[in-house]
Amino acid sequence: METAETSVRVAYVVGRYPAVSHAFVTREVQALRAAGATVETISIHRAGDADALSQADRAERERTYALLPARYGEIVRAQLRAIASPRAYFSTLLGALRSGPPGVRGRVWQLFYFVEAMMIWRHCQRRKVRHLHVHHLNQASDAAMLAVEYANARRSGPAWIWSFTMHGPNELYDVSHFRLAAKAGSAAAVACISDFARSQVMAFAPEERWPRFEVVHCGLDPTEFDPARVPRPEPRDGFRILYVGRLVPFKGQAILLEALAALRANGVDASLTLIGEGPSRSKLESQVRRLGLDGHASFAGAVGQDEIRSHYAAADAFCLPSFAEGVPVVLMEAMAMRVPVVTSPVMGIGELVDDGDSGLLVPPGRVDELTAALERLARSPELRARLGERGREKVVAEFDVRESGRRLARMFAAAVPGSDGRP
């Protein structure tokens, strides 16, 4: 018997899929499929070997339709097929050029998005998919919107729709550039990763659109991130801190290194492992040398999902001292592995971490507060054990990706025109 979940056919359009820093998208796609939905994946840029470090990522890459690097025959065929409906084609092209930022450069980028949109439309038409979903309001959202606009301008059958997941913080830094108001107004549904994210979308959309904005957490499968299933390394001296994420300024790694130096000055035998890559790496390596942390702070580079759990198992604490975030999945991973977390109460983080219960929250940018919180953990195994246990309970109860997949499937089914009175 067909259910709402099994009737869902959706294409996820992503800037780069799969990607190490967006493992949550892969989990979500797999959870939707497990719920009975049919999910196609479209990547604007084909994922490289550095993006597909795990077996699951490599499998996803093989089944994903990638637009770039450009295959000129594919581009030409898509344009010729689309221009067979000239009124729809040129009205969508004109709308694309008008909606972009002013100036020649803005118009050129809109032209690129239009070309990509026709490729997306043709692929989805062949796969019999009329619903596009995107994460983040980047180029993938612009191309998806245009594909849906064109499809509806030329259609003789059911309407096409699109939806997006609202994360932040980038979209909130420049709502005009990311066209948040226009996209919130045209999307058939918006999945918000937190109540905070939902409130920000609501601030830029008329009240009649608010029922379309639902909170659906990103998450993980707690059975995969279970410390009982991951061998813990042999005990060793010292307090081991772990960071996982992109090496970019707003993640606060510079503050964390300052705190590590202060910890050691206070007599705590602490060390730090930073997992991830990014433009800040060379500057952070220089900071390690300047602070005399050689041998105590190490850079492990990008690590795939097949290996990441062993790093959590070896850590005594996890630290993410960000200045801006959505609801970081790396925090969920650490908490599920019973690793006590120290982080900043910015944006949606407070909806995941309860200060003093499932982790410790410190004001962003405060080296002294961060040092004090880490020192509390270093000197109290009992506190580490209690926070770790409560952290796992929180993730299991509220951030299970399997439940998120079922909720998304129901939300997508309800977004189809005529399914519940929506236009």
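The values are calculated or read from the model by the stated rules, or taken from the named source; none is laboratory data. Everything quoted here is computed from the prediction, not taken from an experiment. All Cβ positions, even for glycine, are placed from backbone atoms using ideal geometry, and neighbour counts span all protein chains on display. Remember, those area values only see protein heavy atoms, side chains included, never the ligands or the DNA or RNA. Shrake-Rupley method; radii C 1.70, N 1.55, O 1.52, S 1.80 Å.
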Checklist line | Condition met for LEU256 (open to solvent by less than 40 Å² (accessible area, probe 1.4 Å), over 18 Å from the mean Cα position of the chain (by Cα), in contact (Cβ under 8 Å) with a residue 60 or more places away in the chain and farther than 30 Å from ARG58 by Cα) | finding: yes
Next item on the list: Considering each of PHE239, PHE196, PHE213 in turn, give the residue that is among the aromatic types (Phe, Trp, Tyr), open to solvent by less than 40 Å² (accessible area, probe 1.4 Å) and under 18 Å from the mean Cα position of the chain (by Cα).
Entry: PHE213
Checklist line | Residue satisfying condition, being under 30 Å from PRO211 (Cβ atoms), open to solvent by 60 Å² or more (accessible area, probe 1.4 Å) and in a helix (DSSP H, G or I), within set ARG386, ARG410 | finding: ARG410
Margin query: What's the number of the only condition in (1) of a type in the set (Val, Ile, Thr); (2) farther than 15 Å from LEU361 by Cα; (3) assigned to a loop (DSSP other than H, G, I, E, B) that VAL330 fails to meet?
Written below: (3)
Check: Got a sec? Which of VAL401, VAL396 is modelled with pLDDT of 95 or more and crowded, with 20+ Cβ neighbours inside 10 Å?
Finding: VAL401
Checklist line | Candidate set from the stretch 109-141 (those that are without any contact (Cβ under 8 Å) to a residue 40 or more places away in the chain and open to solvent by 20 Å² or more (accessible area, probe 1.4 Å)); member that is nearest to TYR72 (Cα to Cα) | finding: PHE112
Margin query: Just to be sure I understand the filter: pairs with C-beta atoms under 7 Å, separated by 6 or more residues or on different chains, first member in the stretch 82-103 and over 21 Å from ARG126 (Cα atoms) and open to solvent by 30 Å² or more (accessible area, probe 1.4 Å), second member basic (Lys, Arg) and part of a helix (DSSP H, G or I). Which pairs pass?
Written below: LEU97/ARG107
Item checked: Condition met for MET166 (within 28 Å of PHE323 (Cα to Cα) and at pLDDT 95 or above) -> yes
Notebook entry, point to check: Identify, please: which residue in the stretch 174-184 is more than 19 Å from PHE412 (Cβ to Cβ) and free of Cβ contacts under 8 Å to residues at least 60 places away in the same chain and is, among those, surrounded by the most Cβ atoms within 10 Å (Cβ to Cβ)?
Noted result: LEU180
Margin query: Give me the helices (runs of 4 or more DSSP H) completely within the stretch 152-266, filtered to those with at least 2 residues that are farther than 30 Å from ALA19 by Cα, ordered by residue number.
Written below: 253-265
